[in-house]
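Below is one structure; the comments refer to it alone.
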Amino acid sequence: MSTPETVLESAPFPIAEITAEGIKPDEYVDIVNRLGRHPNKAELGMFGVMWSEHCCYKNSRPLLSQFPTSGPRILVGPGENAGVVDLGDGLHLAFKIESHNHPSAVEPFQGAATGVGGILRDIFTMGARPIAILNALRFGSLDDARNRRLFEGVVAGISHYGNCVGVPTVGGEVYFDPAYSGNPLVNAMALGLMETPEIVKAGAYGIGNPVLYVGSTTGRDGMGGASFASAELTDESMDDRPAVQVGDPFLEKSLIEACLEAFKTGAVAAAQDMGAAGITCSTAEMAAKGGVGIDLDLDKIPVRESGMVPYEYLLSESQERMLFVAHKGREQELIDIFHRWGLQAVVAGEVIEESIVRIRFQGGIAAEIPATALADNTPIYRRELLAEAPAYAQQAWAWSPDSLPACSVTGLADRPWSEVLQSLLETPSIASKSWVYRQYDHQVQNNTVIVPGGADAAVVRLRPQLATDNGMPFTKGVAATVDCNARHVYLDPYQGALGVVAEAARNLSCVGAEPLAVTDNLNFGSPEKPVGYWQLANACQGLADACRELGTPVTGGNVSLYNETLDSEGKPQAIYPTPVVGMVGAIEDINQIVGQGFQGAGDAIYLLGAQAPVTLGASDYLAAIHNTIAGRPPVVEFDRERAVQAACRNGIRQGWIRSAHDCAEGGLAVTLAESCISGNLGATVTIDPGSDRWDAALFGEGGARIVVSVAGDRAAAFEAWLTEQLGSDWAKLGIVGGDRLVINAPDGATALDAVLANLSEGWSEAIARRMERLV
Amino acid sequence: MQWVFQGLLGLPTRMVWHQDSDLSDLDAIVIPGGFSYGDYLRCGAIARFSPAMRSVMEAAEQGKPVLGVCNGFQILTEAGLLPGALIRNENLHFVCDRVPVKVERSARLWTEGYAAGQVLNLPIAHGEGRYYADPDTLKQIEDNGQVLFRYEGSNPNGSWNQIAGICNDRGNVLGMMPHPERAADAALGNTDGLALFQVMTAALVSV
């Protein structure tokens, strides 16, 4: 038997060419062993993309396997293009999140635009009509012109694609932190309502069934994007701009309509979108999932440029393309539908018995690989977990509030609390994101019940598009949110990840929705580094435990590793570990939901979960006001979490609660200010700091806390009801009204007194001011 | 749009394929918002040449009601059925928001359900909604009372004379950038736009 050394020595490629495909020397030896020969250039490229983290999760698969993935409402879990949950009354919802981080770093507009296009294809490939988009975005500080350019480009790209394709962008989150400078995160989540009677799956079947290529043409754009996405960004990455695809949202809109129409004919056996690794990935995955093979002729593929070689066909990531397996004899029916929509559709191959992917080109065989070697039986790396927390974490945990300047009821040293609140509200991560969402059409399709900025989660009515039945009211809705406090995860990956899931569920509960299921997007640094792997492993454990505790299984997601930028000295800068959780929740009646803004003067304000411990550790107050990233994030208490969220949901459904807002970044004072700003109503409240410092009482963060408001004349009855729900774990804070936010101490002393108009203006304008006046 | 006419108001409604040129069975035509052919060139510049649009022009000529909303308004100006043009928003960004829009006068077919001067809260969503016309045309449409909707207070896109919607001289063609159909369904919380559709429906039913 040949040794690894001799295998590499006899390879028809120099080592540099192998590693340029993202294949490590050991993996090359593995490839040769599987094929029983050396691969050719096209095959090498196919392995390169299919064995990338982006496609095969070689680093994360063992960690992902611990996620709970099934439940009574779960119709499709991980492994298909998207997860599907049952919302009752025959309504099935497909949803999924995906990243487009690396492309967006080098070409923000097209990178973000095609990220939206890609996630939408995952949804309608299943037979679902896309009904909503959300995004989770991360950028470096807006003080840096390069980050402003990335931010502006990403938002414009999402706006361009989402608006044109006609799917509302209804929510999301945006954070700014130097940890993302030069390596922004662009995670897009899409929701779709099943329109076909059967869920369309990806596994090919039926020997002799024709394989159809549909949609756009193939060109050289996006060559090797999956491998590109699975490597660190360097100064030279800018030269990889051809690796970023270019999107055509109008073509995608036509593709949505054509695909849904095609699926309804019953002539489609299986479908797979061409995302990362294009033709290679779609053929390999369809074959491997179906336990069959696919024989595909590249000469049949419609092209947009001439002279392409198999390597280019196979690795192209041209957008808006799909692969179908049709029932034999019904292919023309499908082709006619696509042609009517002005799209390409050709029979390019067939399903074969032998489980191989065979690629023909100009009369010869350009590649022939066992399907499972590409898509299923791929390498897995199990890594050593650090025995103890890394130095950065231990150092951060040693922090104590005693190191902060003294504070009192009147303020921080000589700085009044109103001024501290004002500057927190003007921190871009906390400030209004209206500059962003005003650029997204968030009302197209006419089902958006709560517009962005109105509540802790987006709410969309579920109205099948073709239904025009007069008199039948459509009252069901779906709520969705994306969340991740990455600073919390950085400072304690396990607790932080628990908190991410808890917060997502809490945000859904704040509109009155029942949390159902999760799609996750793991954005991390290199897992090959001990600290990176420690973060990844602990965060995955946290996500798994929290999803189990809250009964929200994971139905799929995306992994984006190697999110590090190398500076000119070659020093890697990792991003914060950012496991974004997208969560969907069921709403039985869209008339029984609330927003975050106070509703009327005289309403009583309550804090649910009032006994939850709070901490300044890992808080926005500590980061923004004291420039300190330290401490430990709040500990998640699931019993309290479940009780508080259930009380909030029940209170909304029973009509007690008129507004609800989760206490998250910036603590209680920021939450109150946001409810005031949203409702354009002031408030006067009393806060008892107990043994805490005043800054902890005002700005400390802790889970399981929700600020709600209730009609004044129902307060007494509500309190009795609340006591049944939560025992004594609630507090009456005060009353809505006036044009100021006033926070008093129990003895009547004023801790904070701020003019609402000033808070509102600073909060509303903070991002626009940075983008439009500083540039 | 179809949901409002057919789902909410019960008016028989059919979608027209862009290559269909026989619209003779229709009593009124609505060109909804969207991105016709992607609008990669100038908004509405390609759509105006579609076979369906030739028939729309004939229908307008016959005096049938033609309503264009957002992209529909852009197409109507490109087709020459309405004067002026819609150009990039002043700040160059797409804008999606709810804004105050004043009904200028109570016009037959369209705004009889409102009082002159009434201010509506209507959704807008466009990147090229800045109404422009040369000074003579502007003066003419103002003098003729063709401006039916005007942004109240701040100008969201830099439109000349704060113009949000205009009709043709004859009064049977209306184009507007705000989306009344997104403010017509009580389940979504805003019905300020509903009266427009009710008036239009009543006019059609009584024909």
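Where in segment A:401-507 are there helices (runs of 4 or more DSSP H), lying fully within it, with 3 or more residues that are away from chain B (no Cβ under 11 Å)? Don't jump to the end; show me each part of the working.
Working: elements: A:417-425, A:434-437, A:486-491.
Per the criteria, A:417-425, A:486-491.
Check A:G127, A:G115, A:G90 and return the single one that is under 15 Å from the mean Cα position of the chain (by Cα) and under 30 Å from A:V451 (Cβ atoms).
Result: A:G115 is the single residue among A:G127, A:G115, A:G90 that is under 15 Å from the mean Cα position of the chain (by Cα) and under 30 Å from A:V451 (Cβ atoms).
Yes or no: segment A:166-189 includes at least one residue that is within 14 Å of another protein chain (Cβ to nearest Cβ), assigned to a helix (DSSP H, G or I) and at negative phi.
No: zero hits.
Write out, first by first residue and then by second, each pair whose Cβ atoms fall under 8 Å of each other, whose residues are 6+ apart or on separate chains, and whose first residue, in segment B:158-172, is among the basic types (K, R) while the second is surrounded by fewer than 19 Cβ atoms within 10 Å (Cβ to Cβ).
B:R170/B:G63
Would you please name the residue that is surrounded by the most Cβ atoms within 10 Å (Cβ to Cβ), looking only at residues in segment B:7-48 that are under 18 Å from the mean Cα position of the chain (by Cα) and of a type in the set (S, T, N, Q)?
Only one residue tops the list, namely B:S36.
Hey, among A:V518, A:V554, A:V500, which residue is under 15 Å from A:Y57 (Cβ atoms), modelled with pLDDT of 95 or more, within 16 Å of the chain's Cα centre (by Cα) and β-branched (V, I, T)?
Within the list A:V518, A:V554, A:V500, the selection yields A:V554.
For segment B:1-51, name all the residues that are aromatic (F, W, Y) and either over 26 Å from A:N163 (Cα atoms) or facing chain A (nearest Cβ under 10 Å) (or both).
First, pick out the residues of segment B:1-51 that are aromatic (F, W, Y): B:3, B:5, B:17, B:35, B:37, B:40, B:49.
Within segment B:1-51, B:W3, B:F5, B:W17, B:F35, B:Y37, B:Y40 meet the criteria.
Scan segment A:173-198 for residues that are farther than 17 Å from A:R146 by Cα and either out of contact with any strand residue (DSSP E or B) (no Cβ under 6 Å at 6 or more places or on another chain) or without any contact (Cβ under 8 Å) to a residue 12 or more places away in the chain (or both) and jot them down.
If the condition is that a residue be farther than 17 Å from A:R146 by Cα and either out of contact with any strand residue (DSSP E or B) (no Cβ under 6 Å at 6 or more places or on another chain) or without any contact (Cβ under 8 Å) to a residue 12 or more places away in the chain (or both), then A:T196, A:P197, A:E198 are the ones that fit.
Give A:L386, A:L425, A:L498 a once-over and let me know the one that is surrounded by 21 or more Cβ atoms within 10 Å (Cβ to Cβ) and farther than 27 Å from B:V99 by Cα.
A:L498
Tell me, please, whether a residue that is within 17 Å of A:E514 (Cα to Cα), small (G, A, S) and assigned to a loop (DSSP other than H, G, I, E, B) can be found in segment A:650-662.
Yes, segment A:650-662 has at least one match.
Name every residue in segment A:675-715 that is over 24 Å from A:E637 (Cα atoms), more than 36 Å from the chain's Cα centre (by Cα) and among the hydroxyl-bearing types (S, T, Y), in order of residue number.
Passing the criteria: A:T684, A:T686.
From (1) closer than 19 Å to B:L92 by Cα; (2) more than 14 Å from chain A (Cβ to nearest Cβ), pick out the condition that doesn't hold for B:A202.
(1)
Conditions first: (1) free of Cβ contacts under 8 Å to residues at least 60 places away in the same chain; (2) surrounded by fewer than 21 Cβ atoms within 10 Å (Cβ to Cβ); (3) not small (G, A, S). B:N71 passes all but one, so which condition is the exception?
(2)
State all residues of segment A:604-644 that are buried (at least 23 other Cβ atoms within 10 Å of the Cβ), part of a helix (DSSP H, G or I) and out of contact with any strand residue (DSSP E or B) (no Cβ under 6 Å at 6 or more places or on another chain); if no residue qualifies, say none.
Those that are buried (at least 23 other Cβ atoms within 10 Å of the Cβ), part of a helix (DSSP H, G or I) and out of contact with any strand residue (DSSP E or B) (no Cβ under 6 Å at 6 or more places or on another chain): A:Y621, A:L622, A:E641.
Before we move on, is B:L148 part of a strand (DSSP E or B), in contact with a helix residue (DSSP H, G or I) (Cβ under 9 Å, 6 or more places away or on another chain) and aliphatic (A, V, I, L, M)? I'd like the intermediate steps shown before the answer.
Numbers: part of a strand (DSSP E or B): yes; in contact with a helix residue (DSSP H, G or I) (Cβ under 9 Å, 6 or more places away or on another chain): no; aliphatic (A, V, I, L, M): yes.
No, not satisfied.
Show me the strands (runs of 3 or more DSSP E) entirely contained within segment B:82-126 in which 2 or more residues are of a type in the set (D, E, K, R) and within 14 Å of another protein chain (Cβ to nearest Cβ).
B:95-103
Go through segment B:179-207 and give me each residue that's of a type in the set (S, T, N, Q) and in a helix (DSSP H, G or I). Quick ask: steps written out before the conclusion?
Within segment B:179-207, the first condition is being of a type in the set (S, T, N, Q), and the residues that meet it are B:190-191, B:198, B:201, B:206.
Selection gives B:Q198, B:T201, B:S206.
Just wondering, is there one or more residues in segment B:53-75 that are within 14 Å of chain A (Cβ to nearest Cβ), closer than 23 Å to B:F149 by Cα and either charged (D, E, K, R) or not in a helix (DSSP H, G or I) (or both)?
Yes - at least one qualifying residue is present in segment B:53-75.
If I filter segment B:157-182 down to residues being within 14 Å of the chain's Cα centre (by Cα) and over 19 Å from B:L81 (Cα atoms), which single residue comes out as nearest to the other protein chains (Cβ to nearest Cβ)?
Result: B:R182.
Only one residue in A:G556, A:G525, A:G532 is in contact with a strand residue (DSSP E or B) (Cβ under 8 Å, 6 or more places away or on another chain) and on the phi > 0 side of the Ramachandran plot. Which one?
A:G556
For segment A:143-159, give me each residue that is over 12 Å from A:V436 (Cβ atoms) and surrounded by fewer than 24 Cβ atoms within 10 Å (Cβ to Cβ).
A:D143, A:D144, A:A145, A:R146, A:N147, A:R148, A:R149, A:G153
The values are calculated or read from the model by the stated rules, or taken from the named source; none is laboratory data. Owing to the predicted nature of the structure, the values given are computational and were not obtained by experimental measurement. Don't worry about glycine lacking a Cβ; one is built from the backbone with ideal geometry, like all the others, and counts go over all protein chains shown.
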